[in-house]
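Peer 1: So that we are looking at the same thing, I have put the structure below in structure tokens.
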Amino acid sequence: MELNDLKLDWKNAGDDLKSEADLRLMTKIVNHPSIKKIRTKLIIETIAILFFLFVYYDWFDGDKKPFYANLSLVVGFVLYIVNDVIGYISITRPIRGTNLKLSLQNYLMRIKRLSISSVIITFLYSISIIIFFTSVITFTKEKGLILLFSIVIVSQLILLSLRMWTKWIKNLKLQVKDFNLDEES
Amino acid sequence: MEKEFLEIVHEHQKIVYKICRLYRNSREDQEDLFQEIVYQLWKSYPSFKRESKVSTWIYRVALNTAIAIYRKSKISIDYFEEFPEHIHPSDEKTISENEVRLFWALRKLNDSEKAVISLYLEDFNYKEIAEITGLSESNVGVRLTRIKNKLKQILK
């Protein structure tokens with residue numbers, strides 16, 4: 001097969017055309033493959049957190065906890081929602097740049113910032129829950145084990161999140177490096 | 001604005017289709033990427049000032065999206081080291097054997113090579129390829145020579 005044949009095949013590729021109605025549906029977030037999942041997660045988590053903040057004072061003895069523990073829990077949850085909203089806005093924003101190389105560089109910076117804020121906030125939010133539930137309690141062996149188990153679970157979640165971000169950033173760095181190859185020499 | 005946008009994308013949707021086939025292996029991932037690109041085009045349409053050709057704008061957004069967005073690790077059943085001789089055109093409705101072979105070969109290139117060769121195959125000149133990718137014109141030439149040799153090796 002000659003390269004000129006490839007040009008012809010490239011130009012002829014694609015017969016399975018979509019209708020304007022199908023394309024219109026694709027412009028809506030509600031039909032977006034990943035953003036709709038992120039939005040649903042954001043809505044469910046926000047409702048659940050607001051519900052928890054509304055009832056925790058009675059159900060989890062907030063009145064018996066010191067002010068700092070209550071404050072830490074509220075701030076932790078608010079940070080969590082803020083982080084979700086920032087992530088959602090950031091993901092839905094178009095990838096901008098006058099060319100592919102610049103777009104990738106800008107996007108890499110955006111994802112780096114997002115990953116740092118996401119991991120820090122997940123850490124702070126986890127600490128805030130631990131502070132609330134461990135304040136003014138008498139530790140027994142069982143309670144200590146539950147705390148240890150919770151810390152292990154939280155650490156695993158943070159590690160998983162970190163791994164996902166690292167993989168994405170590594171791939172973007174690779175692309176940026178690839179576009180800069182030969183240009184620097 | 002929506003009507004005008006839909007007409008443009010409808011007319012140029014083959015570009016989006018080709019980028020999806022080039023950068024994703026499975027049909028499901030290609031469909032997801034198609035939707036993602038149309039969404040990104042719609043979001044960036046208000047800032048499209050028509051200083052460049054519509055096809056240039058679509059290529060820029062489509063390539064950005066295909067390369068940058070997060071990809072789940074999946075083992076694809078559509079990826080073959082060797083050209084799958086058993087694939088007959090009738091296996092994929094309306095897709096010719098030449099097209100299957102073309103994308104099989106192009107998918108063996110890395111992401112930046114795919115971007116450069118797709119623009120070349122679409123008949124963009126070196127200056128236009130340089131503007132879309134951000135590479136220098138001379139680098140586009142060097143890369144294209146390298147990619148063409150690579151493709152010859154793959155397809156021989």
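Peer 1: So how strong a dipole does the range B:90-156 carry about its Cα centre when Lys and Arg Cβ are +1 and Asp and Glu Cβ are -1, to the nearest 20 debye?
Peer 2: 440
Peer 1: Shifting gears a bit: Could you tell me which residue out of A:PHE67, A:LEU104, A:SER34 lies farthest along the dipole of the range A:21-123 toward its positive end? Charges go on the beta carbon: Lys and Arg +1, Asp and Glu -1, centred on the Cα centre.
Peer 2: Farthest towards the positive pole: A:LEU104.
Peer 1: Order of A:ILE49, A:ILE127, B:ILE147 from fewest to most other C-beta atoms within 10 Å?
Peer 2: A:ILE127, A:ILE49, B:ILE147
Peer 1: Taking the Cα centre of the range A:27-180 as origin, work out the dipole magnitude from +1 charges on Lys and Arg Cβ and -1 charges on Asp and Glu Cβ, in debye rounded to 20.
Peer 2: Here the range A:27-180 has a charge dipole of around 1000 debye.
Peer 1: OK, next. Shielding by partners for B:14-22, please: the mean number of other protein chain Cβ atoms within 10 Å of each residue's Cβ. Please report the intermediate quantities before stating the final value.
Peer 2: Numbers: counts 8, 1, 4, 6, 4, 0, 1, 2, 2.
Mean inter-chain Cβ contacts per residue within 10 Å come to 3.
Peer 1: Past 31 Å, Cα to Cα: identify those pairs from A:LYS177/B:LYS127; A:LYS36/A:LYS173; A:LYS112/A:LYS141; B:LYS14/B:LYS127; A:LYS37/A:LYS143, in the order given.
Peer 2: A:LYS112/A:LYS141; A:LYS37/A:LYS143
Peer 1: Just how far, in whole angstrom, is the range B:14-53 from the range B:116-147 if you go by their alpha carbon centroids?
Peer 2: Measuring centre to centre over Cα atoms gives 20 Å.
Peer 1: Over the range A:84-165, what number does the Rg to Rh ratio reach, with both radii from the alpha-carbon atoms and Rh per Kirkwood?
Peer 2: For the range A:84-165, the value is 1.20.
Peer 1: How do A:LEU79, B:LEU102 rank when sorted from fewest to most other Cβ atoms within 10 Å of their own Cβ?
Peer 2: Result, fewest neighbours first: A:LEU79, B:LEU102.
Peer 1: Along the charge dipole of chain A, pointing to its positive end and built from +1/-1 on Cβ of Lys, Arg, Asp and Glu, which listed residue (A:PHE77, A:SER19, A:THR166) has its Cα farthest out?
Peer 2: A:PHE77
Peer 1: Roughly how many Å is it from the Cα centre of the range A:47-85 to that of the range A:135-172, as a whole number?
Peer 2: 19
Peer 1: Taking a temperature of 10 °C and a viscosity of 1.306 mPa s, what whole-number D in µm²/s does Stokes-Einstein yield for the range A:1-147 with Rh from Kirkwood over alpha carbon pairs?
Peer 2: Working: Rh = 19.8 Å.
Calculated translational D: 80 µm²/s.
Peer 1: Rank-order B:121-133, B:38-50, A:133-145 by packing density, defined as the average count of other C-beta atoms within 10 Å over each peptide's residues, highest first.
Peer 2: Details: B:121-133: 18.6, B:38-50: 16.7, A:133-145: 10.7.
Per-residue Cβ counts within 10 Å, averaged per peptide and sorted highest first, yield B:121-133, B:38-50, A:133-145.
Peer 1: Please report, for the Cα atoms of the protein assembly as shown, the Rg to one decimal and the Dmax as a whole number; what are they, in angstrom?
Peer 2: That works out to 24.6, 79 Å for Rg and Dmax.
Peer 1: While we're here: Please get the size of the charge dipole for the protein assembly as shown, origin at its Cα centre, with Cβ charges of +1 on Lys and Arg and -1 on Asp and Glu, quoted in debye to the nearest 20.
Peer 2: Magnitude of the dipole: close to 960 debye.
Peer 1: At 222 nm, what helix-only mean residue ellipticity would chain A give, in deg cm²/dmol to the nearest 500, using -39500 (n - 2.57) for each DSSP H run of four or more?
Peer 2: -27000 deg cm²/dmol
Peer 1: Separate question: For the range B:90-156, report the % of Cα-Cα distances exceeding 14 Å. Spell out each step's value before the answer.
Peer 2: Numbers: 1339 of 2211 pairs.
Result: 61 percent of Cα pairs exceed 14 Å.
Peer 1: Once you average over the residues of A:90-97, how many Cβ atoms of partner chains fall within 10 Å of each Cβ?
Peer 2: Neighbouring Cβ atoms belonging to other protein chains average 5 per residue here.
Peer 1: Cα centroid distance between the range A:111-128 and the range A:8-40, in Å?
Peer 2: The distance from the Cα centre of the range A:111-128 to that of the range A:8-40 comes to 32 Å.
Peer 1: Within 10 Å of each Cβ in B:102-112, how many Cβ atoms from other chains are there, averaged over the peptide?
Peer 2: Rounded to a whole number, the mean comes out at 3.
We did not get these values from a lab; they are worked out from the coordinates using the rules stated. Note that the structure is predicted; figures quoted are calculated from it, not measured. Please note: Cβ atoms are built from the backbone with ideal geometry, for glycine as well, and neighbour counts cover all protein chains shown.
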